[in-house]
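> Take this structure first; my questions come after.
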Amino acid sequence: MIQYTPVPLEQVFQGIEDLRCPEEVVVGDMTLQVEMLAHGEAKVVRLISPRAEDYMNPAYMPGTVFRLTR
């Protein structure tokens with residue numbers, strides 16, 4: 001990666017250590033990228049699905065919190 005900026009690298013990458021990668025969970029034929037929360041709950045970060053109608057379902061909208069059953 002090439003970074004062209006007058007801003008110091010310490011400021012550009014400030015807080016990068018605190019970032020967490022979302023986990024992928026398969027629900028039916030959809031893949032959800034979720035951020036794990038406490039008590040078995042997960043928050044939807046991203047929906048990946050081949051079907052357009054899945055994106056219209058408010059249950060899988062980014063930011064939605066649901067209980068994860070494994």
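> Restricting to the stretch 1-26, give me the number of residues that are in contact (Cβ under 8 Å) with a residue 12 or more places away in the chain and exposed (fewer than 10 other Cβ atoms within 10 Å of the Cβ).
Qualifying residue count for the region: 1.
> On to the next question. Does any residue of the stretch 41-59 turn out to be in contact (Cβ under 8 Å) with a residue 24 or more places away in the chain and either at positive phi or among the acidic types (Asp, Glu) (or both)?
Yes, the stretch 41-59 has at least one match.
> Could you list, in sequence order, all residues of the stretch 1-51 that are touching an Asp or Glu at 6+ places or on another chain (Cβ under 7 Å), outside any strand (DSSP E or B) and closer than 15 Å to Thr69 by Cβ?
none
> Let me ask something else. Look through the stretch 32-61, keep the residues that are over 28 Å from Asp18 (Cα atoms) and of a type in the set (S, T, N, Q), and return whichever of them is farthest from the chain's Cα centre (by Cα).
Keep residues of the stretch 32-61 that are over 28 Å from Asp18 (Cα atoms), which gives 49-58.
Next, from what is left, pick out any that are of a type in the set (S, T, N, Q): 49, 57.
Numbers: Ser49: 14, Asn57: 17 Å.
That would be Asn57.
Quick note: the coordinates plus some simple rules give every number you see, no bench work behind them. Quantities reported herein were computed from a predicted structural model and do not represent experimental measurements. Cβ coordinates were reconstructed from backbone atoms using ideal geometry, including for glycine residues, and neighbour counts include every protein chain displayed.
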